[in-house]
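Notes to accompany the following structure.
Taken together, the values in this text are just the output of simple stated rules run on the coordinates, not laboratory data. Since the structure is predicted, the reported quantities are computational estimates derived from the model, not experimental observations. Cβ placement follows ideal geometry from the backbone for every residue including glycine, while neighbour counts extend to all protein chains displayed.
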Amino acid sequence: MKKEIFKRVYDNPINKDGTKKPNELLGTFEVEKQVSEDMYAEKFIGKRIEDGKRYLVKGTEVSGFYNPNQGGMKYDITEI
């Protein structure tokens, strides 16, 4: 399965003024092994299509309660 992974997945990707919130494409990954996944976090090992290297992809929840207008998921990738 292929997944496009962005640095952020916002609960609401539009600012109050109608503009899109900033984001960055980290890559398109072929999921090789799902390590963990629930509604608050996920980890998987994937091969990034753009460079053919393997990465540990970690997604963690960002609370909208403690970070107003920034709630959603934050992703990090680490080459392995």
From the mean inverse distance of alpha carbon pairs (Kirkwood) and the Cα radius of gyration, derive Rg over Rh for the chain. 1.02
Residue-wise, which Karplus ³J(HN,Hα) couplings in Hz belong to the stretch 11-19, taking 6.51 cos²θ - 1.76 cosθ + 1.60, θ = phi - 60°, and x for glycine or proline? 4, 9, x, 10, 5, 4, 7, x, 7
Counting sequence-distant residues (5 or more places) and residues on other chains, those with an amide H built under 5 Å from that of Gly27 are Ile5
Once Lys and Arg get +1 and Asp and Glu get -1 on their Cβ, which of Thr28, Gly71, Thr60 lies farthest toward the positive end of the dipole of the chain? Thr28
Using Cα springs under 10 Å in a Gaussian network model of the chain, which residue among Asn12, Asn23, Asn67 shows the largest mean-square fluctuation? Asn67
